[in-house]
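Reviewing the structure listed below.
The values are calculated or read from the model by the stated rules, or taken from the named source; none is laboratory data. All values reported here derive from a predicted model rather than from experimental measurement. Glycine gets a Cβ as well: all are built from the backbone with ideal geometry, and neighbour counts include every protein chain shown. What goes into the accessible areas is simple: the full protein's heavy atoms, side chains included, and nothing from ligands, DNA or RNA. Shrake-Rupley method; radii C 1.70, N 1.55, O 1.52, S 1.80 Å.
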Amino acid sequence: MNQAVQNVDVLNSPENLKVLANVLKTNVAACTSIGSFFLPQIALIYMDMLGLYRATSTVISETVAKDGTGTFRTSLRFQLKWFHAGQIATKTPKIRNLRTVKKEILRLVETYIKKAEDLDYVNTNIIPPLLDAILGDYNGNVPEARDAEVLNVMATITSRLGVSFVYS
């Protein structure tokens, strides 16, 4: 994760993306199983994870903005369909793999928030950097590059912490 944050070229390799996704999926499974006792592990990887989230998001946004300009017309058995190019750019294997990494990061954070017992710790140490990473990203992305999992995480935060969570 740390390598991907320092050198975005790491994210150009499909194999690296698959390894990152598998590591994150393993962490989601572990967090699901051990619940709030996952705190030492998430504390260890949390900031690197958010850096990875930002890096993948940047690559996705730049790729969709660069490759996703204009409109394409396709004909499928006498039907004309118009597609915004951003929709096509988000379907490429590279973008799908990058989005998988982003989604697994969001799933891990959501899973931990659901399982956490020390909500003060979550509110103080987990939420502020998370909101900086995901809300700015969500707002700044083109609609085709936004992930619904961001909304799921926000719903989990508000259901677990109510409206009392602190964002400064």
### Query
Of all the residues that make up the stretch 27-56, how many are open to solvent by 60 Å² or more (accessible area, probe 1.4 Å) and not charged (D, E, K, R)?
8
### Task
Check the stretch 135-146 and report whether any residue there is open to solvent by less than 50 Å² (accessible area, probe 1.4 Å), of a type outside the set (Lys, Arg) and farther than 22 Å from LYS66 by Cβ.
no
### Message
One residue is enough: does the stretch 11-21 have a residue meeting the conditions touching a helix residue (DSSP H, G or I) at 6+ places or on another chain (Cβ under 9 Å), part of a helix (DSSP H, G or I), buried (at least 19 other Cβ atoms within 10 Å of the Cβ) and not hydrophobic (A, V, I, L, M, F, W, C)?
### Response
no
### Query
Across the stretch 134-164, what is the number of residues that are in contact with a Ser or Thr (Cβ under 8 Å, 6 or more places away or on another chain) and in a helix (DSSP H, G or I)?
4
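Can you tell which of THR90, THR56, THR69 is modelled with pLDDT of 90 or more, closer than 24 Å to GLU144 by Cα and of a type in the set (S, T, N, Q)?
Matching residue, one of THR90, THR56, THR69: THR56.
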